[in-house]
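So the structure is just underneath, and the comments pick up after that.
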Amino acid sequence: MTQQGAVLQGYNNELVKCIEDLCMQKEELNKQIQQAEEEKNKLQHEIQVLSEQLECVCENLAQKVASRNELDKILAETEAAYMKILDSSRTLLNVLKKEVGNLKHTPELKSN
């Protein structure tokens, strides 16, 4: 009976050791889970911060694009008006040159 008791004690010792090993593995896994949860929370916070920054940049970009489009419109209108002024100035100059040329052919100016 003593031998059976010793065998039983050996089984018990191994069983206790296996249980202790499993408990240590569980503790290690719990630490890893805790670290992963902390990393996940940190990344989620960073994503939120970056999303807010992205929203601000997008709003700013949209305002700048709208301003540029308005400037493009003003510039196109101004260039078109300036071209009309140049065309009118050229026409006026041509008319003036023609009139001056006509004046040179009049007898009153030839005698002077």
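The values are calculated or read from the model by the stated rules, or taken from the named source; none is laboratory data. All values reported here derive from a predicted model rather than from experimental measurement. The area values use the complete protein model at the heavy-atom level, side chains included, leaving out ligands, DNA and RNA. Shrake-Rupley method; radii C 1.70, N 1.55, O 1.52, S 1.80 Å.
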**Message:** Within region 82-94, does at least one residue satisfy the condition of being assigned to a helix (DSSP H, G or I), modelled with pLDDT of 95 or more, acidic (Asp, Glu) and open to solvent by less than 100 Å² (accessible area, probe 1.4 Å)?
**Reply:** yes
**Request:** Keeping to region 17-63, report how many residues are open to solvent by 100 Å² or more (accessible area, probe 1.4 Å) and of a type in the set (A, V, I, L, M, F, W, C).
**Result:** 6
